[in-house]
Amino acid sequence: MAVLSTLAVATIAVPLSAGAQDGAGTQSPFDPSPGPSGPSALDLVTAPPVAEATSEHVAAAPRLAGRSAAASRSFEREPLPGCDPDVTPTGSNGQLSTHELCELWQPGDFLRPDAAVALTALNEAFRSTFGRDLCLVSSYRTLSTQVSLKSTRGGFAAAPGTSMHGWGLAIDLCSIETGSREVYAWLNENGGTYGWNNPPWAKRGGGGAYEPWHFEYTQGVAEMGG
């Protein structure tokens, strides 16, 4: 009995002593932890994945219907959304419906859809090189505009009803483009890649009025017999 009593007293004394030491704060808060208290590496590997709860703010944010990464990339590659190059406008020279033409990056400037798509591709390359858009003076011209220009510009304007501007197949460049040797050289070197050229008749000694600013969509002009 004496032995058993001694052992019982010792068993009770040990935890009381340990508790008294913790309460006294003898252990430094910077001492290393005595052992791992979280899940082991094996637990983390074998545990089933648990999805994080969605924040109420994220859940409440509006979504764009039908928008995907692929659609976003497609939009970025299409600088003229809704412009169908397979559409051929109806009507006569200078009397085309603007609803069948495509508006360019400059508001109010229109071209035949296939010519617009080709010129916009050229403009994208131009912007990558020079950091800005091509500057245009003129694109599609109505018949009344052709009549007005013929009366003021004489030989520098085609007879009304015959201008390639009236078919939405020609542009005139700003002097900022034709006046820069670097820019104009780039346009002559790269324009043909996208189907746009300063036609032979418009070059110096080409048989027509010298118009370095005048570029035409060659495929469309060929279709017109030009």
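Throughout, read-outs are computed from the coordinates displayed, never taken from laboratory work. Note that this is a predicted model, so its numbers are computed, not measured. Every residue, glycine as well, gets a Cβ built from its backbone with ideal geometry; the counts of neighbours run over all protein chains shown.
Projected onto the charge dipole of segment 88-223 (+1 at Lys/Arg Cβ, -1 at Asp/Glu Cβ, origin at the Cα centre), which of Ala121, Phe110, Gln95 gives the Cα projection farthest towards the positive end?
Result: Gln95, furthest along the dipole toward the positive end.
For segment 100-110, what does the Karplus curve 6.51 cos²θ - 1.76 cosθ + 1.60, with θ = phi - 60°, yield as ³J(HN,Hα) per residue in whole Hz, taken in order and with x for Gly and Pro?
Values per residue, Gly and Pro as x: 9, 9, 10, 7, 8, 5, 8, x, x, 9, 10 Hz.
When every alpha-carbon pair in segment 89-226 is counted, what percent end up more than 20 Å apart?
42
Determine the dipole magnitude for segment 88-223: charges of +1 sit on the beta-carbon of Lys and Arg, -1 on that of Asp and Glu, nothing else is charged, the reference point is the Cα centre, and the result goes in debye to the nearest 20.
400
With the cut-off at 14 Å, report for segment 140-216 the share of all Cα pairs above it, as a whole percent.
Summing the P(r) tail past 14 Å for segment 140-216 gives 64 percent.
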